[in-house]
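Asker: Have a look at this one before I ask anything.
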Amino acid sequence: MHLIHRPDIVASEITPPDVYLDRRRFIGQAAAGAAVLAAGGLLDPRAARAATAPREKLIGVKKSAWTVPEALTPYQDVTTYNNYYEFGTDKADPSENAHTLKTRPWTVRIEGECAKPATFAIEDILKIAPLEERVYRMRCVEAWSMVIPWVGYPLSELLKKVEPTGSAKFVEFSTLADPQTMPGVRGRVLQWPYVEGLRIDEAMHPLTLLTLGVYGEVLPNQNGAPVRLVVPWKYGFKSAKSIVRIRLVDKMPVSAWNRAQPSEYGFFSNVNPEVDHPRWSQAKERRIGEFRKRDTLMFNGYADQVASLYSGMDLRKWF
Ligand code: MTE
């Protein structure tokens, strides 16, 4: 995610993502030494603290058929190379800072165009549908990617509980914005709270995962605890973390990134190698842990499942 109007902009914001990533890998690897490299790579020594955070296994998780047969990105990288701007803009900031996030008590309010608006406690959200492990490809707009074993269930299972009406054309997700516990929210890198949106058919699509865990465990704070979205055919920023409110609405919501840079971040944000970001190509990507770049796949490789949602749409216009 790259904003150009900040005077205090960090290196990750202005350097092309793959160059930046290479440099960070080099620094991290040099500092961490061969033993850590063998264990999967440590991208920043400061992030070592993440490894000491308490980890909690999720029980009763079933493997899902919605899984790609690709090598998993190591846990270490999934949990220390993050975008979560409420905790800072550097990739290591979230794992360094998100220990202050309080994930209990936690509720998610669902309201708007529905028959039964309600507030759900996280304990109840955990029980709404069986937990599944799904290995998804994730592609960041910054042109790097990971393969992550998320745990959750389709968002549609939660939305059905409030009985969306025919006027519910879009879904807006708002996430926690607490200046007390989130240092980034005290700054103005984005307009808070972080807001994202999906069209209702995208939100109800079986691939759209209400995510409560990763690697068989409760989500680490830096990955969006206690509940986040994962939308694998869209750039990573659509996958809002630490959700507190969901609104069913009749108009297209304005997302935080779209508000910040409308020419760079459209509402749909489908992974599309043919539509470049105005400041870099989206044709290729660097899979974390690999040296050679891969070709980016249309809809991040999920075209068979989702292309029909966009038939007849000009995807250059609706980027
Ligand atoms: N959600 C919130 N609330 N704040 C953020 O800054 N960053 C997004 C997305 N969700 C973000 C967020 C971006 S840019 C990406 S790439 C993914 O989270 C990263 O998720 P991960 O760190 O679990 O891989």
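Asker: Quick one: how many residues across the stretch 125-171 are among the basic types (K, R) and either at positive phi or in contact with a helix residue (DSSP H, G or I) (Cβ under 8 Å, 6 or more places away or on another chain) (or both)?
Answerer: 3
Asker: If K91 satisfies all but one of (1) among the basic types (K, R); (2) touching a strand residue (DSSP E or B) at 6+ places or on another chain (Cβ under 9 Å); (3) near the ligand (Cβ under 10 Å from one of its atoms), what's the number of the condition it fails?
Answerer: Unmet condition: (2).
Asker: Quick check on the stretch 29-80: of everything there that is β-branched (V, I, T) and modelled with pLDDT of 95 or more, which residue is surrounded by the fewest Cβ atoms within 10 Å (Cβ to Cβ)?
Answerer: Among those that are β-branched (V, I, T) and modelled with pLDDT of 95 or more, it is I59.
Asker: I would also like to ask the following. Looking at (1) free of Cβ contacts under 8 Å to residues at least 60 places away in the same chain; (2) surrounded by 15 or more Cβ atoms within 10 Å (Cβ to Cβ); (3) farther than 30 Å from G289 by Cα; (4) acidic (D, E), which one does D124 not meet, given that it meets all the others?
Answerer: Condition not satisfied by D124: (2).
Asker: Kindly evaluate F319 against the criterion of being surrounded by 11 or more Cβ atoms within 10 Å (Cβ to Cβ) and not in a helix (DSSP H, G or I).
Answerer: yes
Asker: So in the stretch 218-236, with the set limited to residues that are in a strand (DSSP E or B) and over 15 Å from V135 (Cβ atoms), which one is farthest from the ligand (Cβ to nearest atom)?
Answerer: Ranking the candidates gives V218 first.
Asker: Here's a check for you: in the stretch 161-206, which residue that is within 12 Å of the ligand (Cβ to nearest atom) and acidic (D, E) is surrounded by the most Cβ atoms within 10 Å (Cβ to Cβ)?
Answerer: E196
The values are calculated or read from the model by the stated rules, or taken from the named source; none is laboratory data. Every value quoted in this text rests on a predicted model; they were computed, and no experiment measured them. Glycine also receives a Cβ, built like all others from the backbone with ideal geometry; neighbour counts cover every protein chain displayed.
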